[in-house]
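Notes follow the structure.
The values are calculated or read from the model by the stated rules, or taken from the named source; none is laboratory data. Keep in mind that what you see is a predicted model, and the values were worked out from it rather than measured. Using ideal geometry, Cβ is built from the backbone for each residue, glycine included, and neighbour counts are taken over all protein chains shown. Ligands, DNA and RNA are excluded from the accessible area calculation, which covers all protein heavy atoms including side chains. Shrake-Rupley method; radii C 1.70, N 1.55, O 1.52, S 1.80 Å.
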Amino acid sequence: MYKKISSLWISLLMSLILFCGEIHVGAYVGINWGRMATQKFVPSMVVDLLLQNGIPELRLFQPSLHVLDAFAETNIGLSITLQENLLKNIVEQKQMDDYIHERVKVYSDKGVKFRYVYVGNEPFTKSLFMKKQFNGTIRFLNMTRDALDKFNLPDIKATTPHFTDVLTNVTKPSEGDFREDIKEKMLGFLDCINRTGAPFVIHMFPIYTVYRYGFDVEFAFFDNKSKFKIVDGNNTYTNLFTFIYDTLVSALAKAGYGDMEIVVGQIGWPTDGYVSASEQNAERFHRGLLQYIARKEGTPLRPNRDIDMYLLGLTDENMVVIDYGPYQRHWGIYKHDGVPKYKIDFTLQDRDVKPSVAKGTVRMPNRWCVFDGKTDHNETLVLQDYDFACEKSDCSAFGSGATCDHLSFTEKVSYAYNMLYQMGNQDMRKCKLLGAKMTTNNPSTPDCDFPIEILTAEVVDGGSGLTKKY
C-alpha cells in the first residue's frame, strides 16, 4: 500500500517538475502532432494528454489559431512549422512579420512557450514526393529570424529539419558527409543557423534506414538480439540510432561545425504498413530508446550528452503522403479513438504502463460497409470501385507484411469499401459502390481490424493562411 502511494506521489512530483518550472533540466522527450487525418483530436484533448503523460514538448505541423489558443499558460514547449505552401506566397519581409506577429508574438504574450519555428521541412530530401528541392530556405530563415528579433523574441530559434538522406551512404560513422549535390546549399544553411545559435534538426526513420542499408533489422533496436554490429576504429555501434547520429556528427565536423547542437526532430516506430511494423516492435523500440536517453550516455563521438528528441507521433494520420511507404500512416502511439496502442513511459522512469486514454472522443455507431462477395458482379467494375475506394481513403494496411496483407480478394474489397465509408463519417452515399452493403456484424479478422472511426471534431486550416491580404 505504501509503495503504491509513494509511486503516485513520485509521479505527481515529476509532473510538477515538468510543467511548473521554466526550464527543463537535462534531456527532454517531446512528441509530434500531425493532423493529416479524417478524424482528429481536439486541441484541448491533446493538451490534457500531454499533461497527464508528462510530455513537456510538442511539435505542431499546422499552427491553427484555435490550436495555439489551447496551449496558452500550459507551460508546454511548442515548436511550430511554417509550411512550404505558406512560404511560397511570402515575397516581402512585411508578410513574414505579420505572420510571426499573428502566430507567435500574439500567442507568446498569451503565455504560449515557443521553442522553435521550423522554416520549411526537409528541403533537400530525395523523396519522390518532394523531389523538387525547395529553394529559398536560407532567405526564409533570415526573414523569420528578423521577424522574431523585431518582436523581441530572441529565445525562439528558427531552423529547418532535414531527413537522414542528406547524408551520404556510409559503412562507418566516421565516413559521414553531406551529399555532394546539396553540399553548397547545406554549407550556407549551416552558416545561417550557426550564426543564430539554432540547432541542426534531423528526422530519423529507423525502420526505413535499416532496410535501406541492408542491415539486420535487430540493429534498429537498442536491445539488439543479433550479433550484428559495426566497428569503426575504437568505437563499436550496436544500434542504428547511434550509428546515424554519429554519421551526422562526422558530417557536421567535416563542414566545420563539430560542436553544433543536434535535435532529433522525428523518431519512432510504426505499428502497421510494413514488415516488422507492429505494436509489439513499436513498444520494444520506444522502451529501448527512452531507457537509452535516460542514461545520458550519449554516443561514441559525443559521449555523456543529453539528447533532445521528439517522438513520431501522437496519432496515426490516414491522409499523410506515403512517399517512403504505407507505414507512414501508422506512426501514432494512439489510435484514432484515443486509446494507446502499447506501453510507453514518457517521463523516462521506465514504468511498465500504458499512457492515459484520451477523454472526449465519440465513437461512431457499429456499422460497416462491406462487399457482398457475389460472383455475378462484373469483376472489372468491382476492381474499379476497389481502386477508387483505396485512392480516396486509406488502404495502407495492405502493405507488404502489414496486418491486412493476407486478406482474400473479397475481404480486401470489403476493407477498402469500409475505409471509404468510415473516413466519410459513415455517410451512406459512400457505400454506393458495386456490391456494397451495410452490416452490423464486425467483419474484422484476427489480424486485420476493420475500424470504426470517431466523429470528426474539427477542420484543420493548416496554419498556412495569412489573415491580411496583399
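Under 24 Å of direct C-alpha separation, and excluding same-chain neighbours fewer than eight residues apart, Lys183 reaches these lysines: Lys88, Lys126, Lys131, Lys132, Lys157, Lys172, Lys254.
Heavy-atom accessible surface of the chain, averaged per residue, reaches 43 Å², computed with a 1.4 Å probe. Once both axes come from the Cα atoms, what is the angle between helix 2-20 and the longest principal axis of the chain, in degrees from 0 to 90, rounded to 10? That works out to roughly 60 degrees. List the residues of region 402-427 whose backbone N lies under 14 Å from a point placed 7 Å from the Cα of Gln280 along the Cα-to-Cβ direction. Hits in region 402-427 for Gln280 at 14 Å: 403. By accessible area, using a 1.4 Å probe on protein heavy atoms only, region 272-376 has 49% of its surface on carbon and sulfur.
Solvent-free Debye calculation, one equal scatterer per alpha-carbon of region 54-158: log10 I(q)/I(0) at 0.09, 0.18, 0.19 Å⁻¹ equals -0.23, -0.86, -0.94.
Taking θ as phi - 60° and the Karplus parameters 6.51, -1.76 and 1.60, the scalar couplings of region 440-445 work out to 9, 8, 4, x, 4, 9 Hz in sequence order, x denoting glycine and proline. A probe of 1.4 angstrom, applied to the heavy atoms of all protein chains, finds Glu279 with accessible area near 70 square angstrom. Each Lys and Arg contributes +1 and each Asp and Glu -1, all at the Cβ; summed about the Cα centre of the chain, the dipole is approximately 480 debye.
Think of the chain as a dipole: +1 on every Lys or Arg Cβ, -1 on every Asp or Glu Cβ, centred on the Cα centre; then among Thr315, Ser250, Asn152, Asn152 lies furthest on the positive end.
How large, in percent, is the carbon and sulfur part of the accessible surface of region 202-243 at a probe radius of 1.4 Å?
That share works out to 47 percent.
Counting only protein heavy atoms and using a 1.4 Å probe, the accessible area of Lys126 comes to about 110 Å². By accessible area, using a 1.4 Å probe on protein heavy atoms only, region 25-85 has 55% of its surface on carbon and sulfur.
In sequence order, region 371-386 has phi-based couplings of 8, 6, x, 5, 7, 8, 6, 5, 4, 4, 6, 4, 4, 5, 5, 4 Hz under the Karplus curve 6.51 cos²θ - 1.76 cosθ + 1.60, θ = phi - 60°, and Gly or Pro positions carry x.
Distant-in-sequence amide contacts of Ser444, defined by a placed amide H-H separation under 5 Å and a gap of 5 or more residues or a different chain, comprise Phe450. In this simple spin-label model, placing a label point 7 Å from the Cα along the Cα-to-Cβ direction at both Asp149 and Glu184 gives a separation of 2.6 nm. Counting only heavy atoms of the protein chains and using a 1.4 Å probe, Lys359 has close to 140 Å² of accessible surface. Counting only protein chain heavy atoms and rolling a 1.4 Å probe, the accessible areas of Asp149, Asp376 rank, largest first, as Asp376, Asp149. Database remark: amide H of Ile31 closer than 5 angstrom to the amide H of Glu57, Leu58, Arg59, Leu311 (H placed geometrically; neighbours at sequence offset of 5 or more, or on other chains; Pro and chain starts carry no H). Fully extending the segment from Glu73 to Asp447, taken as 0.36 nm per residue of separation minus the present Cα-Cα distance, adds 130.3 nm.
The alpha-carbon atoms of the chain, seen along their principal axes, cover 69, 61, 60 angstrom, with the largest extent given first. The slack in the chain from Gln93 to Asn304, taken as 0.36 nm per residue of separation less the alpha-carbon distance, amounts to 71.8 nm.
3J(HN,Hα) couplings calculated from phi for region 220-235 with the Karplus curve 6.51 cos²θ - 1.76 cosθ + 1.60 (θ = phi - 60°) are, in sequence order, 6, 9, 6, 9, 3, 9, 9, 8, 6, 7, 10, 9, 10, x, 8, 9 Hz; Gly and Pro show x.
For Ala158, nonlocal amide neighbours, meaning residues 5 or more places apart or on other chains whose placed amide H falls under 5 Å from its own, are Val117.
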